[in-house]
1. Could you list VAL61, VAL478 so that the one with the fewest beta carbons within 10 Å of its beta carbon is first and the one with the most is last?
2. Would you mind checking the tilt of helix 245-266 against the longest principal axis of the Cα atoms of the chain, expressed as 0 to 90 degrees and rounded to 10?
3. List the relative contact order of the chain as a percent without decimals, with contacts defined as Cα pairs under 8 Å and 6+ residues apart.
4. Where does helix 315-327 land angle-wise versus the long Cα axis of the chain, in degrees 0 to 90, nearest 10?
5. Determine the gain in length on full extension of the stretch SER295-ARG249; use 0.36 nm per residue of separation and subtract their C-alpha separation, reporting nm with one decimal.
6. Of all DSSP beta bridges in the chain, what percent run antiparallel (nearest 5)?
7. Using the per-residue mean of other Cβ atoms lying within 10 Å as a proxy for protection, in what order, highest first, do the peptides 396-406, 441-451, 245-255, 187-197 fall?
8. Tell me which GluC sites (Glu not before Pro) from the stretch 291-345 have a DSSP coil assignment and no more than 15 other beta carbons within 10 Å of their own.
Amino acid sequence: MNFFDPIQENLSLQSRRQLLQRTGVGIGGAALSSLLHGGGATATAGDEESGLHHIAKAKRVIYLFQSGGPSQMDLWDYKPDLVARRGVDLPDSIRMGQRLTGMTARQNSLPIAPSIFNFSQHGESGTWVSELLPHTAKMVDDLCLVKTVTTNAINHDPGITFLQTGHELPGRPSMGAWMHYGLGSMNEDLPAFVVLLSAGNYGAAQPVYSRLWGSGFLPTSHQGVQMRAAGDPVLYLRDPAFGDPARKRKLLDTVSSLNALQYEKSGDSEIQTRISQYEMAYRMQTSVPELTDLSEEPESTFERYGPDSRKPGSFAANCLLARRLAERDVRFIQLYHTGWDHHGGLPAGMRTLCGETDQPCAALIQDLKDRGMFEDTLVIWGGEFGRTIYSQGKLTETNYGRDHHPRSFTMWMAGGGVKGGVTHGETDEFSYNVARDPVHVHDMQATIMHLMGIDHERLTYKFQGRRFRLTDIHGHVVKDLLT
């Protein structure tokens, strides 16, 4: 077939329409109707068992992604016995032939670098926490620490892609897109999936790509919407000065009707996306300015989140904005904080990054508790992998770096149906291998979806002849983490 032949193309569209009508999908104006009357997820040709599969413990997710790979043994995984092994090569029996990145593969030795930071116990749980996290330490009885997360990737791009989409190669839907696809939206005036970016103030940062909150092969209506720190929070929402609201509403209605007719003809799901985008943009012209107007927030709020909370685009300001989005029932709120890739100068870098994030993380949890939202909001913290116990580059008394480490690293969750004040799993004496209770990335994803009321094995989408899911063909719910 010549796809540039308009006659042949029209015949192709007609036959597709007939097929869609026979399968019950070609219902004219379905997308527009669902937008105007509310409701959950809209069924599509690839849909299978969307909606709640069981009673959800969480209504929404706030995912605090620390891009670059925070060092677990400098924050959470306390290994005091390593002080006596300082500078000694990591034993081959511990490394067991694990592949190295190009950054340390040529080193003549892999000297052990114990953390130079002090640890102390906190809360009724007696959890060991680094001195770098004094504010978060006060909240440990609300946290569920998972010290044995394991991943497949040893480099940043596949690592962060794996955490966000369940696959190391680009092209799969992000977790937030899957949530939107499966559960729909709880707020007609704001996107169900919102992304906020903040950059750490230490050194070069790994890039964060928009595909990390993309919809992959799902309809593009499920992709995340990035809110900007400077200028208009969302592009193209502001009307020109000469705009007439009544005329604009009439124009949108006309365009939606034309798009609905085109959908009848072609059955193209992207037309539904276009209809939804026009309608959502219209409502966001009111909802977004109200969301980002912090003038009604009391001074105590800014004091709680810290001095950076008045600085647009900072992690603190984004945590405050995340709470406001959660209050408005946005389903999935994704924060990316970059700068955690400490191959060198780790002590100074960690002090800076923890100074930016520690107080806002604790403030967010306390804020949710004070507003009665903690029990049904799942907060997640973590990066794409951990760091090695051995030093990258020269090891000195006050300075060292660490390479990427996928075998074991720490994430934490709070609220939304997870146990508080517990530590799951244990690493070996070098914080290198899992000694007990490993939790694969797909296990974490399955558990997160379970808390949101989704069976990760049942929510699938048929694409190119195969049914896909976030956890691919793996993943088990870690029931020990659940209340």
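What follows draws every value from the coordinates through simple rules; no lab data is involved. What you see is a predicted model; the values in this text were computed from it and never measured. Please note: Cβ atoms are built from the backbone with ideal geometry, for glycine as well, and neighbour counts cover all protein chains shown.
1. Ordered by Cβ neighbours within 10 Å, fewest first: VAL478, VAL61.
2. 90 degrees
3. 30 percent
4. Relative to the chain, helix 315-327 is tipped by roughly 50 degrees.
5. Result for the pair: 13.6 nm of gain on full extension.
6. About 50 percent, rounded to the nearest 5.
7. Values: 396-406: 19.0, 441-451: 24.0, 245-255: 11.4, 187-197: 22.5.
The packing order, highest mean first, is 441-451, 187-197, 396-406, 245-255.
8. Passing sites in the stretch 291-345 are GLU296.
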